[in-house]
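> Just passing along the structure, written as structure tokens.
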Amino acid sequence: MEQHRPRNCDDDSAAPSGPHPPEQEVRAQLDRILASAEFNVPARVRQFLVYVVNETLAGRADRIKAYSVAVEVFGRDANFDIQNDPVVRIEAGRLRRALERYYLLAGNSAAVLIEIPKGAYVPHFQWRQDHGDDAQSAAPLRADRHGSDTAASTKPSPPWLVGSLLALTMLAAGYLAWLATPPQPVTSARALSAPEAPSLSLKPFANLSGQPEVNYYAAGLTEELLAQLTRFKELTVLAREPPGPTAGAATVEVPRPSGSRYVLEGGIRLSDGKLRISARVLDGESAIVLWAGTYDADPRDKPIVDIETTIAANVATAVAQPYGVIFTNPPLVRPGKLGLASLPQDCSYRFYHYRTVIDASEHAQARECLEQVTERYPQHATSWAMLSYLYLDEERFKLNRRAGPPTPIVRARAAAERAARLAPENVRALQALMTVLYFSGEPAEALRIGAQARALNPNDTELLGEFGAWVAQSGNWGPGASLIEEAMAKNPGHSSYYTGLLALAAYMQGEDARAVDLIKRANLQRFSIYHFVAALIFARRGMGHEAAQARAEFLKLRPGFFANFDGELDQRNFNTRDRAILIRGAIQAGFPVRTQLSAWDAQRHAAASTFGPDGDPAPRSQP
């Protein structure tokens with residue numbers, strides 16, 4: 001029989017101090033959470049949330065125990081064994097992560113917070129601390145460089161802040177000077193504003209059953225596909241319009257530009273009340289099938305609009321995303337076809353290939369290519385966004401850094417801001433700006449831009465994965481890892497990079513066995529930071545030989561990294577807790593760390609391999 005425990009123990013928790021929102025506000029917020037697409041959990045997790053909220057509002061919070069939840073929500077019988085059946089603990093963890101994700105994305109401006117504290121099942125209801133303060137409306141994403149989420153301090157500026165402000169002033173001066181430099185004159189033959197891009201002709205989906213109602217399904221799916229595909233700005237989408245709402249055999253062909261070589265077509269069958277949708281991408285010149293997919297749906301289970309939206313999103317993601325069908329099947333260079341007009345397409349393929357390997361040689365080639373494009377097509381926002389990444393990587397990964405002013409971060413920020421000005425709804429431009437802001441010491445603004453970009457195109461996994469990385473690295477490892485996993489599920493073509501990020505997230509949360517498995521599955525041998533993360537993971541797991549190999553490889557690729565380890569951590573915006581974990585991990589892995597550890601922290605490191613009671617993740621194994 002379960003015993004009652006004091007508040008703030010395993011199954012219960014003390015209510016937070018301060019005023020609480022009234023019941024009607026809590027119920028209204030619960031309804032918003034349940035209606036949000038960002039709260040994407042199984043039905044029983046939804047029931048879990050509804051149950052604990054209702055019980056608490058009814059004054060029965062003391063009844064919310066693992067046993068009662070298991071019986072009343074998950075249907076366990078009266079002989080339920082808490083010790084041997086972890087269902088409540090597992091689903092509570094899933095619920096907490098889902099709530100964190102909701103408040104990070106769709107609910108980032110919600111006034112009422114519903115939280116399930118760790119180690120407890122009783123929810124907390126409270127006003128957001130910045131409720132009513134417009135200047136603080138992004139509080140959940142706002143944090144200083146070392147993890148503080150408090151309001152701006154009124155204490156006198158310490159010496160390091162004065163030095164930082166001076167450095168920022170000098171940085172701003174260099175940035176403004178570079179912006180003020182007149183661009184190189186471009187002749188009319190070079191100043192073309194509309195470069196060719198990979199293009200996709202979308203054919204209306206065919207009615208393969210001959211039943212009249214299928215014509216409406218096909219027209220709706222085609223229309224939804226057009227809307228989803230056009231969100232990917234690296235791609236030009238051409239519609240082959242049918243003559244009327246019930247498409248017949250004839251279509252009006254839109255002239256295909258010289259850069260187009262892809263066709264998306266498909267059909268719909270209706271049998272026994274169920275739909276089967278097939279789709280395929282063909283090479284527009286050779287008619288070779290590059291990709292095909294099938295999807296089944298039952299209009300009796302879901303509204304047809306929901307079916308069309310879901311399938312269109314799946315197809316658009318598979319076809320048009322970076323590392324999807326189109327960007328992993330570059331056009332073959334044929335005699336007489338290579339020219340300046342195809343340069344932007346070639347550079348896009350080079351850029352995405354570089355992003356899969358993070359290699360110095362590939363970096364140099366992609367940078368040179370994109371500099372030619374931006375000179376020839378100065379209004380091409382996507383090329384400026386890609387170039388921004390390559391400039392940033394000169395600094396953060398020390399790849400092919402150019403000497404002299406302006407600095408890489410100045411060039412990166414100018415390119416990203418130019419891309420965003422040219423095309424405010426271009427997701428790649430906003431993604432570049434998000435990343436540059438993050439590495440410029442503005443993580444809160446970076447994450448705000450990332451959320452804005454995600455709202456523009458939730459199917460863009462290149463944006464989703466990187467947004468998740470910065471959410472995680474800013475201290476929200478659970479929600480960030482969830483976003484990365486979502487990107488990984490939608491985009492297996494970029495799995496090594498995502499797997500490496502998940503390995504770091506697992507390490508930072510103390511999930512050592514999972515971290516080892518993930519880092520072994522990542523294949524980023526030419527990417528220096530991969531070896532640093534691998535060394536930390538292997539060392540804490542007691543895998544001395546593997547840790548030594550990873551350490552040696554990293555020091556070969558980045559010999560000067562530890563000369564300013566504090567600066568490297570600052571640049572990546574790790575908070576105080578995470579910095580301590582990484583510093584101790586680097587010492588444990590045998591790296592030549594030169595950093596200011598407090599005496600207390602040094603003692604804790606000497607004491608050794610478990611750190612749980614004081615807030616660090618306790619390393620744990622998974623079966």
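> Answer yes if at least one residue in region 323-337 is more than 14 Å from Gly220 (Cβ to Cβ), modelled with pLDDT under 90 and of a type in the set (S, T, N, Q), and no otherwise.
Yes, there is a match, as at least one residue in region 323-337 is more than 14 Å from Gly220 (Cβ to Cβ), modelled with pLDDT under 90 and of a type in the set (S, T, N, Q).
> Which number in (1) surrounded by 22 or more Cβ atoms within 10 Å (Cβ to Cβ); (2) under 25 Å from Asn573 (Cα atoms) marks the one condition that Ala360 misses?
Tallying (1) surrounded by 22 or more Cβ atoms within 10 Å (Cβ to Cβ); (2) under 25 Å from Asn573 (Cα atoms), Ala360 fails exactly one: (1).
> Quick one: which residue in Asp460, Asp517 is of a type in the set (Asp, Glu) and in contact with a helix residue (DSSP H, G or I) (Cβ under 6 Å, 6 or more places away or on another chain)?
On the way: Asp517 fails: in contact with a helix residue (DSSP H, G or I) (Cβ under 6 Å, 6 or more places away or on another chain).
Exactly one residue qualifies, and that residue is Asp460.
> Looking at region 196-226 only, could you name the residues that are under 14 Å from Val315 (Cβ atoms) and in a strand (DSSP E or B)?
Leu200, Leu202
> Quick one: how many residues across region 506-527 are in contact with an Asp or Glu (Cβ under 8 Å, 6 or more places away or on another chain) and buried (at least 21 other Cβ atoms within 10 Å of the Cβ)?
Of the residues in that region, 2 qualify.
> Out of all the residues in region 71-85, which are within 28 Å of Pro21 (Cα to Cα) and either assigned to a helix (DSSP H, G or I) or open to solvent by 60 Å² or more (accessible area, probe 1.4 Å) (or both)? Working first, answer last.
Within region 71-85, the subset within 28 Å of Pro21 (Cα to Cα) is 72-73.
Glu72, the sole residue that qualifies.
> Something else now. Applying the selection to region 270-309, what residues are closer than 14 Å to Gly220 by Cα, open to solvent by 30 Å² or more (accessible area, probe 1.4 Å) and not in a helix (DSSP H, G or I)?
Pro299, Pro303
> Of the numbered conditions (1) modelled with pLDDT under 95; (2) part of a helix (DSSP H, G or I), Ser440 fails exactly one; give the number of that condition.
Here Ser440 clears every test but (2).
> State all residues of region 446-485 that are touching a residue at least 40 places away in the same chain (Cβ under 8 Å), out of contact with any Ser or Thr (no Cβ under 8 Å at 6 or more places or on another chain) and closer than 22 Å to Ile409 by Cβ; if no residue qualifies, say none.
Once the filter is applied, which keeps residues that are touching a residue at least 40 places away in the same chain (Cβ under 8 Å), out of contact with any Ser or Thr (no Cβ under 8 Å at 6 or more places or on another chain) and closer than 22 Å to Ile409 by Cβ, region 446-485 yields Arg448, Glu462, Val471, Gln473, Ser474.
> With the condition kept exactly as written, say whether any residue in region 496-504 is open to solvent by 10 Å² or more (accessible area, probe 1.4 Å), of a type in the set (A, V, I, L, M, F, W, C), farther than 21 Å from His531 by Cβ and out of contact with any strand residue (DSSP E or B) (no Cβ under 6 Å at 6 or more places or on another chain).
no
> Taking the condition of being over 18 Å from Arg579 (Cα atoms) and open to solvent by less than 20 Å² (accessible area, probe 1.4 Å), how many residues in region 455-477 meet it?
Applying the first criterion (over 18 Å from Arg579 (Cα atoms)) to region 455-477 yields 455-468.
With open to solvent by less than 20 Å² (accessible area, probe 1.4 Å) added as a condition, the list becomes 457, 459-468.
Qualifying residue count for the region: 11.
> State all residues of region 50-86 that are touching a helix residue (DSSP H, G or I) at 6+ places or on another chain (Cβ under 6 Å) and touching a residue at least 12 places away in the same chain (Cβ under 8 Å); if no residue qualifies, say none.
Within region 50-86, Val53, Leu57, Ile64, Ala66, Val69, Ala70, Val73, Phe74, Phe80, Ile82 meet the criteria.
> Let me ask something additional. Could you figure out which of (1) open to solvent by less than 10 Å² (accessible area, probe 1.4 Å); (2) at pLDDT 90 or above; (3) of a type in the set (S, T, N, Q) isn't true of Asn491?
Status for Asn491: all satisfied but (2).
> Let me ask something additional. Output the number of residues of region 433-454 satisfying the condition of being crowded, with 23+ Cβ neighbours inside 10 Å and of a type in the set (Ser, Thr, Tyr).
Selection size over region 433-454: 2.
> Pick from region 30-44 the residues that are touching a residue at least 60 places away in the same chain (Cβ under 8 Å) and assigned to a loop (DSSP other than H, G, I, E, B): which of them is surrounded by the fewest Cβ atoms within 10 Å (Cβ to Cβ)?
Ala37
> How many residues are surrounded by fewer than 17 Cβ atoms within 10 Å (Cβ to Cβ) and assigned to a loop (DSSP other than H, G, I, E, B) if we restrict to region 86-111?
Matching residues across region 86-111 total 3.
> Residue by residue through region 344-368, note down the ones that are acidic (Asp, Glu) and modelled with pLDDT of 90 or more.
Hits for region 344-368 are Glu362, Glu368.
The values are calculated or read from the model by the stated rules, or taken from the named source; none is laboratory data. Nothing here was measured: the structure is a model prediction, and the numbers come from that model. Please note: Cβ atoms are built from the backbone with ideal geometry, for glycine as well, and neighbour counts cover all protein chains shown. The accessibility values were calculated without ligands, DNA or RNA, using every heavy atom of the protein model including side chains. Shrake-Rupley method; radii C 1.70, N 1.55, O 1.52, S 1.80 Å.
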